[in-house]
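The values are calculated or read from the model by the stated rules, or taken from the named source; none is laboratory data. On a predicted model such as this, the values are computed, not experimentally measured, just so you know. Backbone-built Cβ (ideal geometry, glycine too); neighbour counts: all protein chains shown. Heavy atoms of the whole protein, side chains included, go into the accessibility calculation; ligands, DNA and RNA do not. Shrake-Rupley method; radii C 1.70, N 1.55, O 1.52, S 1.80 Å.
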Amino acid sequence: MVEDLKGGVAEVNITPPVGISLGGFGGRKGPAQSVHDDLYARALVLDNGEVRLGIVTADVISFAPDLVDRIRRLVSDAAGIPGTHLALNGSHSHSGPTVMAFRSMGDRDAAYEDVLCRKVAGAVKMALDRLEAVSLLTGRAPVRIGYNRRERRKDRMVLGHNPGGLEAPWVDVLRVDRGDGSPLGLFYVTAAHPVNLRGLEFSAEFPGYAARFLVHNLDGAVPMFAQGCCGDINCSPQDGTFEMSQRQGNLLGAAALTAALQAEPAEGTTLASACREIRLPLNIPSVEAAAQALEGQRERYEQAKQDPEVVAYLLRQYSGQVAWSEDYLQAAQAGGAQTQPFEIQAMRIGDLALVAYPGEMFVDYQLTMDRESPFSRTFTLGYTNGCIGYVPTEDAYPEGGYEIDTAFRYYGTLMITSDCERMVKETTFEMLEGLKG
């Protein structure tokens, strides 16, 4: 029998030790040398007496698929929440640890990842142990700390600033209140790459500053930043300073606070979750094109070895791309139909929905769900339960650019095809209609 809704929140410090590789940029000359600000994982558990859901947000670039599996097993054992009912979102900070198997971007650290998995699972268990009667409210406020980055310059698509490109210039919030009306936690979503900082210091970047702003201004509520579909959205301006990241974080925090203070009650206590794995088709190159890619990467590697500015740590970027091109050639020679598994997760929380994708989704996915979902509000996340790489829209493929032509070689071996937008959206709407029904 469905009871009144209960909720619990918790947070744990997941700051790595100095000396671990940072994730996100291939051009760094070494691992982390210091900690500028701490990283956190935060958990929300909701329970209506029949169904229990868990949502985790963390200051990491994303969780590797094997870490998702480990955390889900730990949480299932400790908190009785099945893997299909647990969402693990990464803020996509480029100043956090390498916890994804990126080619050319440093090494993963097994000892740290073991502690990370246990800490994240522990946060979920602590949130479960703190369940109390709660009410939910939802709101939205405008904020613009991110800009569409796909800029056409002459005949090339570059990472720049596209004033006419799609954006989602707002923050959506889910406020969790105690029985007395005081805020227990705030789950908030916006879409912007945290890429302002490029140094050798661990930092949560603008999401960390936003969290601190909210802690100080929302009666100590646990702040849970979740990254939206920011595949083609960068934070802006970018000057590489902590002052700019703080400014962006304060703007986001103030907007989330405004949305929280103006939030309206969310209807219903129904909880449900569904996961569905689809197979995304991959682009198979010609053997000739793949052989040319291998030759080019080998030349770059040899040139880099002669460059006195290229230190040993940075040289791995070039050797990693040689390894990619070797796999690329093997994939071309194998031919046939090759696919990439892609898990879509959808949750129902009363008349609200949460959609979670394991990819760097273009913002159009978020805008489409916001516009066409059968629920009153839908929180659409990228970088959740893993990350396969960029998932552009079909119309972006003819334009080319980093997200289509280059980035996939850091994630895996092959790029997904333009058919994937249709497959992802159709499956998502089927899942949402099923949860609504």
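For the range 290-437, averaging the sequence separation of C-alpha pairs within contact (under 8 Å, six or more residues apart) and dividing by the residue count gives a relative contact order of 21 percent. Each of Asp59, Asp307 has its accessible area taken with a 1.4 Å probe; listed largest first, they run Asp307, Asp59. Bridges between two residues of the range 9-150, per DSSP, are antiparallel at a rate of about 70%.
How much length is gained if the chain between Asp155 and Asp107 is pulled fully straight, taking 0.36 nm per residue apart and subtracting their Cα-Cα distance, in nm to one decimal?
Answer, rounded to one decimal: 13.7 nm.
Take every Cα pair under 8 Å whose residues are at least 6 apart in sequence, average their separation, divide by the length of the range 45-100, and the relative contact order is 48 percent. Normalising by residue count, the range 1-151 has a Cα convex hull of 149 Å³ per residue. Computed from Cα atoms, the angle from the helix 65-79 axis to the main principal axis of the chain rounds to 20 degrees.
Of the accessible area of the chain, computed with a 1.4 Å probe over protein heavy atoms only, carbon and sulfur atoms account for 48 percent.
Sorting 346-356, 148-158 by their mean Cβ neighbour count within 10 Å, with the most densely packed peptide first, gives 346-356, 148-158.
Rounded, prolate or oblate for the range 151-246? Axes are the square roots of the Cα gyration tensor eigenvalues, ordered a ≥ b ≥ c, and the cut-off for rounded is a/c under 1.5. Here the range 151-246 falls in the oblate category. Could you tell me which of rounded, prolate or oblate describes the range 218-334, using a ≥ b ≥ c as the square roots of the eigenvalues of the alpha-carbon gyration tensor, with rounded for a/c under 1.5 and, failing that, prolate when a/b is larger than b/c and oblate otherwise? Verdict is oblate for the range 218-334.
Beta bridges from DSSP with both residues in the range 134-284: antiparallel share about 75 percent, rounded to the nearest 5. What is the angle, in °, between the Cα long axis of helix 110-129 and the longest principal axis of the Cα atoms in the chain? Nearest 10 is fine, range 0 to 90. Rounded to the nearest ten degrees, it is 20. For the range 272-386, the Cβ-based charge dipole about the Cα centre amounts to some 360 debye (Lys, Arg positive; Asp, Glu negative; other atoms uncharged). Across all C-alpha atoms in the range 274-408, the radius of gyration and Dmax reach 19.2, 61 Å. Ordering 381-388, 235-242 by mean Cβ neighbour count within 10 Å, with the highest value first, yields 381-388, 235-242.
Using C-alpha pairs below 8 Å separated by at least 6 residues, the relative contact order for the range 208-257 is 61 percent.
Ordered from highest to lowest accessible area with the whole protein assembly present and a 1.4 Å probe, Glu433, Glu399 read as Glu433, Glu399. Accessible surface for the chain, divided over its residues, is 39 Å² per residue with a 1.4 Å probe. The length gained by stretching the chain between Gln306 and Asp351 to full extension, at 0.36 nm per residue less their Cα-Cα distance, is 10.1 nm.
The DSSP beta bridges internal to the chain are antiparallel in roughly 75% of cases.
Assuming charge only on the beta carbon of Lys and Arg (+1) and of Asp and Glu (-1), the dipole of the range 322-394 about its Cα centre is about 240 debye to the nearest 20.
About the Cα centre of the chain, how large is the charge dipole given +1 on each Lys and Arg Cβ and -1 on each Asp and Glu Cβ? Please answer in debye to the nearest 20. Provide the component values of the computation, followed by the final result.
Working: 40 positive and 56 negative charges, 97 e Å.
The dipole magnitude comes to about 460 debye.
Helix 287-305 and the longest principal axis of the C-alpha atoms of the chain enclose an angle of approximately 90°.
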